1. Across the stretch A:225-246, what is the number of residues that are in a helix (DSSP H, G or I), at the interface with another protein chain (Cβ under 7 Å from one of its Cβ atoms) and under 22 Å from the mean Cα position of the chain (by Cα)?
2. When only residues in the stretch A:663-676 that are under 23 Å from B:Ser127 (Cα atoms) and more than 9 Å from every other protein chain (Cβ to nearest Cβ) count, which is surrounded by the most Cβ atoms within 10 Å (Cβ to Cβ)?
3. For residues that are of a type outside the set (Asp, Glu) and over 13 Å from B:Thr46 (Cβ atoms), scanning just the stretch B:61-73, find the one that is farthest from the other protein chains (Cβ to nearest Cβ).
4. Is it true that A:Asp413 is within 14 Å of chain B (Cβ to nearest Cβ), touching a helix residue (DSSP H, G or I) at 6+ places or on another chain (Cβ under 9 Å) and either part of a helix (DSSP H, G or I) or farther than 23 Å from A:Phe293 by Cα (or both)?
5. Among the numbered conditions (1) within 14 Å of chain B (Cβ to nearest Cβ); (2) of a type in the set (Lys, Arg); (3) free of Cβ contacts under 8 Å to residues at least 24 places away in the same chain, tell me where A:Arg429 comes up short.
6. Restricting attention to the stretch B:96-113, and to residues there that are free of Cβ contacts under 8 Å to residues at least 60 places away in the same chain and either more than 9 Å from every other protein chain (Cβ to nearest Cβ) or assigned to a helix (DSSP H, G or I) (or both), which single residue is farthest from A:Ile233 (Cα to Cα)?
7. Considering only residues of the stretch A:568-600 that are of a type in the set (Asp, Glu) and over 29 Å from the mean Cα position of the chain (by Cα), which is surrounded by the most Cβ atoms within 10 Å (Cβ to Cβ)?
8. Of the numbered conditions (1) at pLDDT 95 or above; (2) surrounded by fewer than 24 Cβ atoms within 10 Å (Cβ to Cβ), B:Lys151 satisfies every one except a single condition; which is it?
Amino acid sequence: MGRLKTLTRRAFLVGTAAVAGGVAFGVYTVRRPHENPLLGDLEPGQAALTPYVRIDGDGVTLITPRADKGQGAYHVQAVLLAEELDLDLAEVRVDPGPPSAAYWNTALAPEAAEFTIPAQGMMRDMVEGGLGAVMKVMGMQITGGSTTVADQFDKLRAAAASARETLKLAAADQTGVAVSDIRTENGAVILPDGRAIAYGDLAGAVAGMDVVQDVPLRAPAQWRYIGKPMQRIDMLGKCTGTLDYGIDLDVPGMLQATVVLNPAQGGALNRFDATEAEKMRGVKAVLPVTGGFAVVADNTWRAFQAAQMVVPDWGDTSNMPATMEGHWQALSDAFTDDQQDSRQRDDGDVDSALSGGKIIEAEYRAPYLAHAPLEPISAIVRVDDTTAEVWTGTQIPRFVQTNVARIAGIEADAVTLHVQMMGGSFGHRLEDEVVKQATEIAVQLKGVPIKLTYAREEDMTHDFPRQIAMARLRGKVTNGQVEAMDLSIACPSVIVSQMGRQGISMPGPDSQIVAGAWNAPFAIPHHRVTGYRAAPLAPISSWRSVGASHAGFFQNAALDELIFAAGADPLEERLRLVHDDLAQKVLEAVADMSSWDGPLGNGRGRGVALTTSFGVPCAEVIEVSQTEAGLKLDKVWVAAEVGRVVDPVNFENLVQGGVIFALGHAMNCEITYADGIAEQSNYHAYEGMRLYQCPDIMVRGLENGDQVRGIGEPPVPPAAAALAGAIFAATGTRLREMPFNKFVDFA
Amino acid sequence: MKLTVDGVAHEVDVEDDMPLLWVLRDELKLTGVKYGCGIAQCGACTVHLDGAAVRSCQIAAGDAEGAEVLTITGLGQPNALHAVQAAWVEHQVAQCGYCQSGQIMQAAALLENDSEPTDEVIDIVMSGNLCRCGTYPRIRAAIHTAAAKMKEA
C-alpha cells in the first residue's frame with residue numbers, strides 16, 4: 001500500500017481546571033501526521049482535546065463531545081471513559097459539553113480546539129493544508145469522518161485513568177490509607193475495610209490537587225466493556241419514546257415557526273403578501289429570512305398551513321444549469337488539463353500501455369443525493385440584547401455559536417449552545433442554515449424562544465446534496481489479467497462548497513474527488529487516477545462517506561469491467577492484485593464467509609467490491625436473484641478492518657445500516673434539478689430501501705491492524721459496485737450509472 | 001374537543017382538521033410520536049386508534065374524537081416495557097431511533113392481529129415504516145422474539 005501513511009502520535013496529559021464545585025480532567029494530544037500524499041510537505045497539525053470527566057457534588061458526568069446522530073457516539077465515548085473509571089455503564093450521565101462553558105476554554109486555551117486527523121478526508125485536508133485559521137474557527141468539536149472511535153480510543157481512556165488515580169489519591173489523603181491499598185468500583189473509591197466513598201463526595205478534595213499523569217492504560221484482558229456485547233446507553237429511551245430529540249424540545253414561552261425558501265436553490269425573495277396568512281388562527285407573525293419567509297405560530301401545523309397562504313414574489317433564482325443535461329455537460333467538460341485537480345496515483349507507464357491494442361472504455365455517473373435523515377432539521381433560538389441561547393442537533397457547534405453571534409450582533413461567548421440528540425444526519429447536520437434562519441427570526445422577536453421546524457419538503461428540496469460525479473475509464477487486459485487502468489473522475493469540490501458557506505476558502509487539491517480510488521489497494525502494473533474539478537453547480541455537502549461514495553463505486557465498477565474483459569473471476573483477480581495485507585485479509589474474509597466459488601447461474605449472481613475509506617478496508621459480496629417481480633437482493637457479506645471492535649453489537653448494526661443506506665440509494669434515489677429547483681420533495685420520490693427489500697447481511701469485524709478506526713462510513717462505498725457486479729453476473733446488464741432502477745427493475 | 005390518549009382524557013381546543021400528530025406533539029406535548037414526512041410515507045407518526053395502527057399525520061383530530069389513542073409512551077414505560085419494546089432493547093435495534101416509535105407501534109399492532117407472523121407477513125406489514133439508518137435486520141429479529149415472548153405470556 002505504501003501511499004497511505006499511518007499516523008504517529010503521542011498523547012500526554014495536561015492539568016485540570018476547576019469547575020464550579022468540581023473538577024474536570026482532560027487530555028491534550030499532539031499528532032504529527034506524515035506528509036500529505038496529496039499536498040506534499042506541510043506543517044504538522046496540532047490537536048488539543050476536550051474529553052472530560054466532570055466530577056461535582058452530584059457525581060460523575062462524562063463529557064462526550066462528539067455529537068450523537070444515531071451512530072452511538074455518546075455510548076461509545078461513555079464506554080471508553082467508564083472502562084478506566086470503573087463506572088457502571090447503566091448509571092453514567094453524559095453531557096455533550098457546551099462549547100462556551102468556561103472550563104473548556106480556560107483549561108486548554110489557547111489550543112482548545114479539538115481536532116482530528118483521519119488518514120484521509122476533509123479534516124486531514126484542512127489540517128495539512130496548513131489551515132491554522134480553519135482549526136481555530138472550527139473550534140472545539142466536530143463530528144465526522146468516522147473519527148469518534150479512532151480519535152478518542154486512547155484519549156478518553158487516558159483521561160478516565162488519570163481521573164481514577166487522582167480520586168484514589170484524594171481518598172488516601174483524606175483517610176490516611178495507603179493509595180496502593182485502595183481500589184475503585186462502581187463509581188466509588190473502596191477502602192480496605194470495604195467502606196466506599198462515592199466519587200462525587202471527593203469532588204472538593206480533588207479540585208485542588210495535581211492530576212496524576214501518565215497512568216498506564218489497562219490491558220485488553222482487564223476490559224469489562226470494550227469488545228463485549230452491551231446495551232447502548234440511549235437504547236431504552238429510544239425504544240420507549242422518552243428520549244427527546246432536538247425537534248421534541250419544549251422551552252417555556254416558545255413559539256413554533258417554519259420557513260419557505262425560494263424553491264430554486266439559493267434564490268432570493270423580493271417581497272411577500274401575508275395578508276391572508278396573518279388572519280389565520282394561531283399565526284403570530286410572518287417575517288422575512290434570507291432567501292424566503294418565516295411563519296411564526298402557536299402550533300407547528302398552523303405555521304405549515306399559513307405558510308401555504310403567503311404569496312411570495314421570488315427574486316433572482318439559482319445560477320446552476322437549467323437542466324440535468326447541463327449539469328452532466330459541466331462534468332463532461334471538466335476532463336481537461338486546465339481543470340486537473342490531482343494525480344496521486346500514477347504507477348507504471350499508463351500512456352505507453354494504452355497506446356495500442358484493444359482499449360476498454362466506459363463512463364460512469366453518480367447523482368446528487370439528499371441526506372434526508374428522518375428527523376427534519378430544527379433549531380430553537382432565543383435572542384435578547386446581549387445573549388442568545390440555542391438548542392439544536394449539530395456536528396459543528398463552534399460554527400453554530402459563531403454564526404448565531406454574528407446574526408444577533410453579540411459576542412460568540414454570549415451564545416449558549418445546548419447540543420441535542422439527532423434523529424440521523426448522514427452529514428446533514430454539518431450545515432447550519434436552520435440555526436441561522438431561526439436566529440434571523442429570533443432577532444425580530446427578541447426574548448421569545450423560536451423553534452424553527454422545516455417541513456419535510458423544505459428539508460429535502462433545500463438540502464445541500466451529495467456531489468454529482470462522473471468518471472471515465474480507459475484500460476487494457478493482457479493474458480487474462482488486468483494490465484492497465486486509467487481512471488479519471490470529475491466533480492465539483494464538496495469541501496469548497498461546504499466550507500465556503502462558512503466563509504472559509506479552501507486552497508489546494510480536493511482529495512475527496514478521488515477518495516477511495518486513488519488509494520485503491522491494488523497493484524495494477526499501469527495504474528493512474530486523476531481528479532478533475534468541475535465548476536460549482538448545485539451547492540453540495542458531505543454525505544456519508546463523502547468522496548468515496550462516488551469514487552468507490554467508480555473504481556470498483558471500472559475494475560470489474562477490466563476483470564470481465566480479462567475473463568478472470570472478480571474476487572480471484574482482486575485477490576491477485578491486492579497488495580495491502582489488511583485489505584487482503586478483508587477480501588479473504590468475504591470469500592470465506594460467502595463461500596465464493598465462481599458464477600452461480602440460474603438467474604443468480606454475485607458481485608464483490610473493496611474500498612479503503614477513512615483508513616478502513618471494507619469488502620462486500622452481494623448476491624442477487626432474478627424473480628418474477630424483479631431483482632431481489634438475497635445476501636450480503638461484509639468484512640471490515642477496524643483494529644478494534646469496541647462494541648460488537650453496535651458495530652454490526654452500523655455496518656448493516658451502512659450497507660442498507662448505500663444500497664437503497666444506489667437502487668432508487670437521486671435528486672435532480674430543473675431550473676435550480678429540486679424535483680424530489682419527500683420520501684415518495686426518494687424512497688431508499690424498505691424492509692421487504694432488505695437482504696440478510698453477515699458482518700465480520702477484523703482486528704489485524706494497530707489503528708483503531710470508526711465504522712460509520714466505510715461500509716458505504718463498496719456496496720453499490722458490489723450490487724452492480726451481482727446484477728451483471730445475474731443478468732448480463734452492466735450498470736454504470738446510479739440509481740440503478742433507471743435501467744433494471746427491483747422486486 | 002375531547003380526546004382519550006394513553007388512557008387519559010384530554011380537552012383540546014383545536015381545528016377539526018388539525019392532524020392528530022400535531023395535536024399530540026404540540027398541544028399535548030406527547031413528543032414520543034414523531035413527525036417525519038407528513039404524507040404517510042415514513043410511518044414515524046404511527047399510533048394506535050382503537051387498536052389499529054394508523055399514521056397520525058393522516059388522521060384529522062375531529063375523527064379521533066371518542067376513539068382510544070395509544071402512543072409509544074402509553075404502550076409501555078422504561079420500567080414496564082411492552083413485549084415489543086423489550087425485544088427492541090434486547091436486539092439493540094435503534095441507531096438514531098427516530099423511526100422506532102412508529103416501528104414499535106406498527107409491530108405491536110401486527111402482533112395483536114397475528115401472534116406468529118411469517119417473514120413474508122413481517123415484510124408486508126413493516127415496509128410502510130421507513131428506517132433511514134437501516135435497522136431492518138434487527139427489526140425482523142425483534143418481532144420474532146416479541147412474538148415468542150407474547151406467546152409464552
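The values are calculated or read from the model by the stated rules, or taken from the named source; none is laboratory data. Note that the structure is predicted; figures quoted are calculated from it, not measured. Heads up, the Cβs are rebuilt from the backbone with ideal geometry, glycines too, and the neighbour counts pull from every protein chain shown.
1. 2
2. A:His665
3. B:Gly66
4. Against the criterion (within 14 Å of chain B (Cβ to nearest Cβ), touching a helix residue (DSSP H, G or I) at 6+ places or on another chain (Cβ under 9 Å) and either part of a helix (DSSP H, G or I) or farther than 23 Å from A:Phe293 by Cα (or both)), A:Asp413 does not qualify.
5. With respect to (1) within 14 Å of chain B (Cβ to nearest Cβ); (2) of a type in the set (Lys, Arg); (3) free of Cβ contacts under 8 Å to residues at least 24 places away in the same chain, A:Arg429 is out only on (3).
6. B:Asn113
7. Filtering the stretch A:568-600 for residues that are of a type in the set (Asp, Glu) and over 29 Å from the mean Cα position of the chain (by Cα), the one surrounded by the most Cβ atoms within 10 Å (Cβ to Cβ) comes out as A:Glu573.
8. With respect to (1) at pLDDT 95 or above; (2) surrounded by fewer than 24 Cβ atoms within 10 Å (Cβ to Cβ), B:Lys151 is out only on (1).
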